[in-house]
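The values are calculated or read from the model by the stated rules, or taken from the named source; none is laboratory data. Just so we're clear, the structure is a prediction, and the values are computed from it rather than from any experiment. Glycine also receives a Cβ, built like all others from the backbone with ideal geometry; neighbour counts cover every protein chain displayed.
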Amino acid sequence: MTKILTAISLLSLTAIASNAAGITPAHPSGGLTSDSTITLQEISISAFKQTGRMWSHPIAETTISRNQIEDYGIVTLKDASELTPNFYIPAYGSRMTSSIYVRGLGARIDQPVVGMNVDNVPILNKDNFDFDLIDIQRIEVLRGPQSTLFGRNTMGGLVNIYTLSPFSYQGIRIMAEYGRANSIKQAASVYTAFSPKLAMGISAYQTSSDGFYRNTYTGKKVDKERQTSLRWKTAWRPSTQWAVDNTASFTKSRQGGFPYTSLATGQIAHNDTCFYKRDGFTDGLSVTWTGNNISVASATSLQYMKDNMTLDQDFLPDDYFTLSQRRREWAVTQDFIVKGSSDSYSWLAGLFGFARFTYMDAPVRFKQDGIERLILQHRNEYNPDYPIKWDEASFTLGSDFYLPAKGIAIYHTSDYTLGRWKFTLGMRVGHEKATMRSHSRCNTSYTTFHRLPDGTLETYSNTPVNINTPLRLKQEFTEITPKFAITYTLPGLNESIIYISAAKGYKSGGYNTQMFSDLLQQELMALMGISSSYSPKDIVSYKPEKSWNYELGTHLDLCNGLLRLDAAAFYISCRDQQLTTFPNGSTTGRIMTNAGRTRSFGCEIAATAKPTDRIRLNASWGHTNARFTKYHNGIADMAGRRLPYAPANTLFLAASYTLPLSSSQLSFSASLRGTGRIYWDDSNTVSQPFYILPSAYAEWSNSRVSIKLWGENISNTKYNTFYFVSIGNAFVQKGNPWTAGLTLRINIHISTTK
């Protein structure tokens with residue numbers, strides 16, 4: 001990384017030398033200044049679909065600015081979620097699982113309920129959502145179904161992330177940070193405009209941490225991690241009508257393990273090595289052409305991911321079993337959009353297609369304790385006269401998969417304006433084909449004994465186990481997702497609006513690859529004469545999830561811009577909601593099942609106030625009441641129970657004060673983040689009560705340098721972010737304790753001849 005930062009620094013010096021106009025001071029707060037940049041309209045495909053200010057649309061949304069990102073130490077999407085009402089991302093102890101819960105909708109595994117676009121690239125796999133944010137211009141969090149414009153897996157909302165444009169900023173940015181747990185972050189970037197038509201930016205980022213939690217069995221830290229990312233962004237404006245943007249990024253993630261604490265012992269103690277590794281590459285190209293009354297845009301992306309997970313899945317110091325999972329995934333997307341407008345009517349139409357190819361190898365290695373307690377004990381209690389013993393100390397249940405998925409969709413929206421009223425009608429028709437080809441295998445053997453009347457055992461038979469089972473499944477989905485909205489612009493309030501909308505959401509179906517080790521174990525038990533616990537046909541695949549979202553909301557700009565207020569009330573009716581469970585008889589797997597019907601209703605409010613030039617206030621609160629209306633989990637009727645993992649309340653409060661000095665300024669801020677109650681199971685027997693995490697910072701800054709002293713969870717509040725059961729044992733992921741650190745930023749703007 002040092003070599004990378006050095007190279008970027010050399011490139012930065014070259015950029016400085018090439019700009020004869022010299023260096024222009026930055027804003028004291030470290031923000032951008034308009035007179036230090038080449039000012040051209042930034043092109044965004046997401047913005048292309050939703051023209052104008054985001055808050056003028058009938059959508060519940062939260063926009064997080066670049067200053068807020070730096071002020072509140074937003075590094076990941078989880079950090080951004082804490083500022084957004086009814087938007088929750090738990091910390092699962094691994095960057096592999098990025099689950100998002102919005103208004104009661106969400107899932108731990110497989111398909112996401114919220115989509116993500118990074119510089120117009122739709123990230124198809126939610127396992128890629130958890131990456132560190134560097135040089136981010138803004139983040140838009142849209143809540144409610146966005147399926148009409150953005151398609152599959154956006155029924156809960158959409159996150160748009162925009163990285164810094166070399167046309168909006170030219171200069172050098174350097175960041176260094178040190179925090180508790182030997183947390184080190186360093187970044188360097190340079191942005192330059194070679195002419196009013198061509199600009200480029202390159203950035204590098206690295207972070208490392210020793211972690212907070214120690215494995216008492218090995219004595220080593222289990223949550224240490226290392227992250228590296230590189231990004232190269234090119235913007236070309238060949239004419240006033242054409243805009244071409246390309247962003248290529250590479251990420252590398254290395255994690256030490258999964259810090260899951262046993263509720264029985266209060267300790268993290270497992271004997272096998274755990275880790276998660278991921279490499280990713282994404283390249284996105286967008287091209288737009290703007291005419292008088294019509295515009296055309298194209299967005300193309302190539303995505304690649306390779307990851308490797310090894311997990312001591314019993315999370316105990318015993319030798320039960322270890323899961324390994326190695327994946328390679330390629331994906332391409334293409335979006336064509338055309339739009340036009342007249343005096344009172346505007347329209348947009350698009351064609352979207354994607355193809356994703358996933359290769360996965362997921363063996364489970366059963367060891368001595370797993371063989372004895374999960375297989376032999378059950379089998380020998382079933383037939384004590386003919387007990388068996390395994391011939392090997394361990395064996396492997398192997399499964400490999402090929403999971404191609406392809407889809408195409410057409411969509412259209414129309415807006416008709418009549419005075420202060422605007423009527424919106426949209427519809428999307430999509431078709432998707434998902435295939436699974438699997439190969440399950442196991443080669444081992446066991447010996448059967450006959451128990452004689454005197455209790456002694458004599459050899460009865462030796463049975464080889466040779467499982468070689470191919471399987472091929474195919475699902476096809478066709479879905480129509482309409483949207484209706486009516487917007488009224490309030491007079492005299494700077495385009496403030498009130499709106500009512502109804503929209504259909506859709507999330508794709510898929511396959512339970514996590515259950516194949518259980519299926520193989522069940523096949524082994526069948527060879528020993530024990531009947532199956534469940535049918536493979538019932539658990540291998542799951543159906544799409546569908547919802548209708550009804551919403552009444554408003555965006556208000558009050559007191560000449562000193563107060564902004566956003567509020568919404570919603571009701572969601574969901575059918576076949578996808579729910580992650582541990583099925584009866586399961587020992588190693590997780591299953592995504594369809595939970596009949598659910599409903600969710602609630603409200604959310606967010607306010608931003610600036611009563612003086614020195615004071616800024618932020619507040620948001622969200623409430624969700626999400627319950628099953630029709631669902632039987634195989635044991636009991638869960639109708640009326642709350643949906644698991646979805647918090648009933650989210651809260652964010654912040655106050656900032658800025659004290660100007662002669663050539664610098666001091667800034668102080670305090671904030672509170674609240675979440676809860678969260679139920680961890682569908683029977684609502686275990687939950688996390690509402691908790692609050694206080695944070696604060698103090699910052700000194702001038703035109704080029706800022707130094708910030710910050711602290712998070714300064715009350716050292718104890719809370720859990722995840723709960724699960726494995727082999728009858730309960731485990732939790734604890735939230736991080738208090739942490740504090742120091743952040744240095746150097747920001748040198750470079751003026752460019754226009």
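Laid out as a table, the results:
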read-out	value
Test for R365: is it under 20 Å from R441 (Cβ atoms), assigned to a strand (DSSP E or B) and modelled with pLDDT of 95 or more	no
Residue satisfying all of: in the range 96-110; assigned to a loop (DSSP other than H, G, I, E, B) and out of contact with any Lys or Arg (no Cβ under 7 Å at 6 or more places or on another chain); nearest to F423 (Cα to Cα) among these	G104
Test: R226 is surrounded by fewer than 18 Cβ atoms within 10 Å (Cβ to Cβ) and under 23 Å from the mean Cα position of the chain (by Cα)	yes
Residue ID - modelled with the lowest pLDDT, chosen from residues in the range 584-632 that are farther than 23 Å from H555 by Cβ and of a type in the set (F, W, Y)	Y631
Residues of the range 66-87 classified as within 17 Å of S620 (Cα to Cα) and part of a loop (DSSP other than H, G, I, E, B), total	7
Criterion (in a strand (DSSP E or B), of a type in the set (A, V, I, L, M) and surrounded by 15 or more Cβ atoms within 10 Å (Cβ to Cβ)) met by exactly one of L397, L374	L397
Odd one out for P453, checked against (1) assigned to a strand (DSSP E or B); (2) without any contact (Cβ under 8 Å) to a residue 60 or more places away in the chain; (3) surrounded by fewer than 16 Cβ atoms within 10 Å (Cβ to Cβ)	(1)
Residue check, A636 of a type in the set (A, V, I, L, M), touching a residue at least 12 places away in the same chain (Cβ under 8 Å) and surrounded by 15 or more Cβ atoms within 10 Å (Cβ to Cβ)	no
Sole exception among (1) under 30 Å from L666 (Cα atoms); (2) at pLDDT below 90 for T581, by number	(1)
Unique match (being aromatic (F, W, Y), buried (at least 19 other Cβ atoms within 10 Å of the Cβ), over 20 Å from D110 (Cα atoms) and modelled with pLDDT of 90 or more) among Y411, Y416, Y488	Y411
Among the residues listed as S671, S663, the single one being at negative phi, touching a residue at least 12 places away in the same chain (Cβ under 8 Å) and part of a strand (DSSP E or B)	S671
Unique residue being touching a residue at least 60 places away in the same chain (Cβ under 8 Å), closer than 30 Å to D391 by Cβ and of a type outside the set (G, A, S) when the list is I500, I530, I486	I530
Top-ranked residue in the range 182-220 [being surrounded by fewer than 20 Cβ atoms within 10 Å (Cβ to Cβ) and of a type in the set (D, E, K, R); ranked as nearest to L133 (Cα to Cα)]	D210
Tally of residues being among the acidic types (D, E) and surrounded by 13 or more Cβ atoms within 10 Å (Cβ to Cβ) across the range 456-485	1
Some residue of the range 689-701 being of a type in the set (S, T, Y), assigned to a loop (DSSP other than H, G, I, E, B) and modelled with pLDDT of 95 or more	no
Extreme residue, modelled with the lowest pLDDT, among residues of the range 425-478 that are under 35 Å from the mean Cα position of the chain (by Cα) and polar (S, T, N, Q)	T469
Criterion violated by Y304 - all others in (1) touching a residue at least 40 places away in the same chain (Cβ under 8 Å); (2) under 30 Å from Y411 (Cα atoms) satisfied	(1)
Test: residue in the range 415-426 that is on the phi > 0 side of the Ramachandran plot and in contact with a strand residue (DSSP E or B) (Cβ under 9 Å, 6 or more places away or on another chain)	yes
Given (1) over 19 Å from the mean Cα position of the chain (by Cα); (2) modelled with pLDDT under 95, index of the condition T234 fails	(2)
